[in-house]
Amino acid sequence: MSQVMTEDVDGVRRLVLNRPDKLNALSAELVDTLSRRILETADDSEVRVVVIAGAGRSFCAGYDLTEGDDDPATTLQRSLDRLLEVFDLPQPVIAEVQGHCLAGGCDLMMMCDLAVAADDAVFAQPEIRFGAAIVAHVMPWLIGARRAKELVLTGDQIDAETASRIGLVNRVVPRDRLTTETMGLAARLALVDPRVMRLTKRAVNRSWEIAGFRQAIREGADLGSTVETDPAPERSEFERIRREAGLGEAVKWRDERYTP
């Protein structure tokens, strides 16, 4: 079964991350499949709006930490390239978020143009807690440097209402209405002339680019490469526990260190 399911409904293309048993963790196969779907969609004149969703109880818990690492600098830049494909997609992209939206999953959500969150969604970029690098430092551009620093420097988790209040997501809806509300928003966007929509999205994105967005996140990934190539003691211990006891125990160790 494909790790990304595709469904077209009245000009809206739903791309559903499909590793529910792994909380839709971003495996190499999933990332490559999503990239192909995104690039195919860019050239499809029948698609006016894209929704990225996650199967099961979570949107995406981040990158699959059980997979082997390639060269860290190459891996970070390749991952950033894949995320920028979402940012650069001509059609507007809506993230449909429930459950966990963590680390690389949070990066993916933030690269989308809009985000609708279920009331059970939780958000965090916990990479700093185990000596890892954030792939895409998009958060300061969405919520400002002060709030972003608090979240990325602590790795703290926030709920959906907080995410909405600080501007990380657009709206919060009941979990049982998440798909209905997201598709309703997508249907409204699909009514707009596609040429006007694409140019308007491009104009808004261009304002970020003129302010240095693309250069900033590229340089952020470069700095992250240094983090990844010179592992901190916390990263080494996290990896040791993961190898010996499994990812669940490693995550438990990571989070317990920050529990008051």
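Couple of notes before you dig in:
- Of all residues in the stretch 169-215 being in contact with a strand residue (DSSP E or B) (Cβ under 6 Å, 6 or more places away or on another chain) and either part of a loop (DSSP other than H, G, I, E, B) or small (Gly, Ala, Ser) (or both), the one that is nearest to residue 93 (Cα to Cα): 186
Let's see how each residue does on (1) more than 24 Å from residue 166 (Cα to Cα); (2) assigned to a helix (DSSP H, G or I); (3) without any contact (Cβ under 8 Å) to a residue 40 or more places away in the chain:
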{"site": "44", "(1), (2), (3)": "yes, no, yes"}
{"site": "65", "(1), (2), (3)": "yes, no, no"}
{"site": "84", "(1), (2), (3)": "no, yes, no"}
{"site": "90", "(1), (2), (3)": "yes, no, no"}
{"site": "109", "(1), (2), (3)": "no, yes, no"}
{"site": "117", "(1), (2), (3)": "no, no, no"}
{"site": "129", "(1), (2), (3)": "no, yes, no"}
{"site": "134", "(1), (2), (3)": "no, no, no"}
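- Filter pass, residue 198 being surrounded by 15 or more Cβ atoms within 10 Å (Cβ to Cβ), farther than 22 Å from residue 76 by Cβ and not aliphatic (A, V, I, L, M): yes
- Of 232, 211, 250, all but one fail to be within 24 Å of residue 58 (Cα to Cα) and not polar (S, T, N, Q); the exception is 250.
So that you can scan it fast, the table gives a plain yes or no per residue for (1) modelled with pLDDT of 95 or more; (2) touching a Gly at 6+ places or on another chain (Cβ under 7 Å); (3) within 22 Å of residue 190 (Cβ to Cβ):
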residue: 4; (1), (2), (3): yes, no, yes
residue: 9; (1), (2), (3): yes, no, yes
residue: 35; (1), (2), (3): yes, no, no
residue: 65; (1), (2), (3): no, no, no
residue: 83; (1), (2), (3): yes, no, no
residue: 90; (1), (2), (3): yes, no, yes
residue: 97; (1), (2), (3): yes, no, yes
residue: 101; (1), (2), (3): yes, no, no
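- Filtering the stretch 1-29 to residues that are part of a strand (DSSP E or B), buried (at least 16 other Cβ atoms within 10 Å of the Cβ), more than 15 Å from the chain's Cα centre (by Cα) and not charged (D, E, K, R) leaves only 12.
- Test result for residue 234, assigned to a helix (DSSP H, G or I), surrounded by fewer than 17 Cβ atoms within 10 Å (Cβ to Cβ) and touching a Gly at 6+ places or on another chain (Cβ under 6 Å): yes
The values are calculated or read from the model by the stated rules, or taken from the named source; none is laboratory data. In this text the structure is predicted, and so the values were computed from the model without any measurement. Here Cβ is always computed from backbone atoms with ideal geometry, including for glycine, and neighbour counts include all displayed protein chains.
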